[in-house]
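Worksheet: one structure, shown below.
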Amino acid sequence: MFRYILRRLLQMVLAFFGTTLIVYALMFAGQGDPIQALAGERPVTAAQRAYLTEKYHLDATGVGGFFYRYFDYVKSLLQGDLGQSLTGRQIGDILQAAWPVTVKLALIALAVAIIFGVTAGVVAGIRRASIFDNSTLVLTLLVLGIPTIVLAPLAQYLLGVKWQLFPPTAGSQPTFYALLLPGIVLGSLSLATALRLTRTSVAENLRADYVRTARSKGLVKRRIVTVHVLRNSLIPVVTFLGVELGNLMSGAIITEGVFNIPGVGFNLFRGIRTEDGPLVVGIVSVLVVVYLVSNLVVDVLYAVLDPRIRYE
Amino acid sequence: MTVEPTPASTPADGHLLELRDLHVEFRTNEGVARVINGVSYHLDAGETLAVLGESGSGKSVTAQAIMGILDTPPAFVRSGQILYRGQDLLTGSEEQRRQVRGKEIAMIFQDALSALNPVFPVGWQIGETLRQRAGMSRGDARRRAIELMDLVKIPGAAKRIGDYPHQFSGGMRQRVMIAMALALDPKVLIADEPTTALDVTVQAQIMDLLADLRRDLNMAMILITHDLGVVAGVADRIAVMYAGRIVEHADVRSLYKAPAHPYTKGLLESIPRMDVRGQELSTIKGLPPNLMRIPSGCPFHPRCPYVQQVCVDVVPHDLVLGDGRTSACHFAQEVRDDSAR
């Protein structure tokens with residue numbers, strides 16, 4: 001197991017350089033004049049241009065020049081310096097402000113998925129083909145079918161504006177209450193998938209041979225379901241939720257955008273819209289690390305949950 | 001049609017376990033499959049009854065009906081009685097039936113790998129029965145689980161108690177299964193094809209173990225199998241099942257010597273013989289019937305070499321042959337005389 005984790009960590013280093021390289025290339029390859037982009041609408045004097053060209057090694061052209069600048073960037077990245085966005089703010093500071101908001105939002109969404117999705121999934125799996133099972137099927141298909149770009153404004157309008165149950169937008173220092181509605185909207189997708197997954201897994205495990213054995217031991221039904229069936233059924237569900245948490249941590253561009261939540265996704269979206277190259281590359285570099293680490297954690301968790309899985 | 005309970009020497013205080021005219025059907029979307037059609041057999045303390053038949057003959061379903069672990073739906077017990085010490089289990093409450101499971105009647109299954117829970121250590125699974133049913137403490141259950149694993153001859157039991165089912169070989173896994181079934185000292189052990197999933201050499205070891213345990217612990221055993229070879233050394237009596245009926249019932253010796261039902265005769269003849277060279281292996285032609293459309297009259301008639309018009313028209317009753325055996329065949333006497341030759 002230890003060797004497996006070590007190997008995965010080494011693979012992560014490669015993956016990290018690979019993805020940052022690609023994002024870096026995509027972001028800056030298409031850019032016409034980076035100095036003008038930095039200055040925005042204002043004119044750039046010849047002295048300023050010369051200074052910036054020198055500072056960012058813009059005089060080096062072609063593939064060689066690109067790698068020169070990429071290694072420049074990685075060097076400061078490894079020193080913990082994400083650089084400056086085009087607006088002049090330190091990207092590190094932007095992330096420091098945005099991440100707690102995104103994490104809070106992600107945890108609310110995950111809690112919604114676990115409390116409602118997994119519970120309803122277990123009940124639906126036990127009472128297969130019942131009214132409850134069929135209505136959850138319809139509801140989950142509905143939720144999975146509606147894109148967030150429709151669901152989020154709809155929830156915002158109905159629950160936030162019309163009936164005024166929740167604040168329609170979050171603002172710069174969002175409270176838990178303000179994040180609740182966006183969290184539910186964001187979690188509803190994970191909820192629907194978690195529900196379907198749990199339901200299938202429980203239904204499948206209820207038919208397993210070991211359940212017949214447990215019954216022939218004379219165990220009470222309650223124990224068979226809560227100990228034998230659930231312990232097996234939840235293996236894929238926990239794995240899914242782990243991956244999902246990794247996804248949610250990387251921010252939700254649409255939900256954060258609609259509800260005006262100053263999280264990671266919100267900043268990333270703003271960076272893309274304003275062609276703020278350094279900001280986009282900075283955020284994505286960190287997201288890559290979050291994603292890689294969360295995937296490793298899920299893989300290790302999988303082996304802990306299922307004794308049949310052995311990593312060598 | 002009612003079938004008389006199989007006649008045999010009945011002890012004064014009744015049989016330990018007795019099935020009377022059991023009918024079980026599976027109600028599915030495609031229709032109703034009549035899986036058990038009037039099965040009667042009995043088991044006395046300390047004896048071994050082998051239930052023999054092809055897949056789909058209803059032997060496992062009968063056993064699961066005794067245990068009360070049939071999945072309902074689709075399975076429904078339509079009629080009949082399952083008497084344990086004179087009490088009809090079928091009329092008891094679910095709670096009463098649960099008390100019988102494991103403690104009075106225990107069962108082991110064909111494929112121990114899927115029958116054991118993959119995510120719990122074997123010691124935990126054996127101990128669970130003791131903790132949940134006998135109210136033992138964690139430590140006591142653990143100690144007893146090691147004893148049980150020793151009893152079924154798992155080497156290094158104390159060391160292997162924390163291992164998971166997938167870490168054992170097939171034979172050792174079946175031993176774990178047996179240890180688990182023995183946890184509460186059951187009076188009846190139902191072994192449902194306990195050696196089918198195993199290598200031939202391991203099969204013999206497991207059968208010997210079961211026979212020894214049955215004797216040492218003074219249990220009665222129902223051995224369900226499709227393998228005639230497995231039965232010979234272990235069983236006292238054999239009940240042969242076909243299409244959810246018992247077609248022949250006899251003590252092992254006379255059944256092997258002269259089967260009195262064409263189906264049993266066919267089964268015995270299809271065992272490959274090492275001492276006869278150059279002869280084509282004999283088989284029973286045709287397939288077992290679809291249980292949704294069981295043939296009229298004798299269900300075996302489409303495959304039977306003895307078939308006459310009467311077989312198509314009339315369901316044969318259990319014909320009691322001289323030496324206390326029965327055969328559900330219109331020509332039982334003839335078949336037996338043919339076989340004896």
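No lab work stands behind these numbers, since they all come straight from the coordinates. Computed from a predicted structure; not experimentally measured. Neighbour counts are summed over all protein chains in view; Cβ atoms, including those assigned to glycine, are modelled from backbone coordinates with ideal geometry.
Brief remarks follow.
- Failed criterion for A:Gly125 (all others in (1) under 25 Å from the mean Cα position of the chain (by Cα); (2) in a helix (DSSP H, G or I) hold): (1)
- The range A:1-31, residues that are crowded, with 16+ Cβ neighbours inside 10 Å and among the basic types (Lys, Arg): A:Arg8
- Here the condition is being more than 14 Å from chain B (Cβ to nearest Cβ), under 25 Å from the mean Cα position of the chain (by Cα) and free of Cβ contacts under 8 Å to residues at least 24 places away in the same chain; of A:Gln156, A:Gln173, it holds for A:Gln173 alone.
- Residue ID - nearest to the other protein chains (Cβ to nearest Cβ), chosen from residues in the range A:199-214 that are crowded, with 23+ Cβ neighbours inside 10 Å and touching a residue at least 60 places away in the same chain (Cβ under 8 Å): A:Val202
- Criterion violated by B:Gly286 - all others in (1) at negative phi; (2) surrounded by fewer than 23 Cβ atoms within 10 Å (Cβ to Cβ); (3) in a loop (DSSP other than H, G, I, E, B); (4) not charged (D, E, K, R) satisfied: (1)
- Of the listed requirements (1) surrounded by 16 or more Cβ atoms within 10 Å (Cβ to Cβ); (2) part of a helix (DSSP H, G or I); (3) free of Cβ contacts under 8 Å to residues at least 40 places away in the same chain, A:Val304 misses just one: (1).
- Residues that are of a type in the set (Ser, Thr, Tyr) and more than 30 Å from B:Ala134 (Cβ to Cβ) occur at least once in the range B:245-256.
- Each residue in the range A:215-236 was checked for being more than 8 Å from every other protein chain (Cβ to nearest Cβ) and either touching a helix residue (DSSP H, G or I) at 6+ places or on another chain (Cβ under 6 Å) or buried (at least 18 other Cβ atoms within 10 Å of the Cβ) (or both), and 7 of them qualify.
- Among residues of the range B:127-152 being among the β-branched types (Val, Ile, Thr) and part of a helix (DSSP H, G or I), the one that is nearest to A:Lys221 (Cα to Cα) is B:Thr129.
- Criterion violated by A:Thr239 - all others in (1) over 30 Å from B:Ala181 (Cα atoms); (2) surrounded by 18 or more Cβ atoms within 10 Å (Cβ to Cβ); (3) polar (S, T, N, Q) satisfied: (2)
- Where a residue in the range B:116-137 is under 14 Å from B:Met177 (Cβ atoms) and more than 10 Å from chain A (Cβ to nearest Cβ) and its partner, wherever it lies, is of a type in the set (D, E, K, R) and assigned to a helix (DSSP H, G or I), with Cβ under 7 Å and at least six apart: B:Gly123/B:Arg142
- All positions within the range B:84-107 that are within 14 Å of chain A (Cβ to nearest Cβ) and among the acidic types (Asp, Glu): B:Glu94, B:Glu95, B:Glu104
- Subset of the range B:179-207 that is within 13 Å of another protein chain (Cβ to nearest Cβ) and over 18 Å from B:Leu217 (Cβ atoms) - its residue that is surrounded by the most Cβ atoms within 10 Å (Cβ to Cβ): B:Asp192
- Residue under evaluation B:Leu113, criteria (1) under 25 Å from the mean Cα position of the chain (by Cα); (2) in contact (Cβ under 8 Å) with a residue 40 or more places away in the chain; (3) surrounded by fewer than 18 Cβ atoms within 10 Å (Cβ to Cβ); (4) more than 10 Å from chain A (Cβ to nearest Cβ), criterion not met: (4)
- Residue match in the range A:241-248 (condition: among the aliphatic types (A, V, I, L, M) and within 14 Å of chain B (Cβ to nearest Cβ)): no
- Taken as a whole, the range A:274-282 holds at least one residue that is of a type in the set (Gly, Ala, Ser), crowded, with 24+ Cβ neighbours inside 10 Å and away from every other protein chain (no Cβ under 14 Å).
- Of all residues in the range A:243-286 being in contact with a helix residue (DSSP H, G or I) (Cβ under 7 Å, 6 or more places away or on another chain) and acidic (Asp, Glu), the one that is farthest from A:Pro147 (Cα to Cα): A:Glu275
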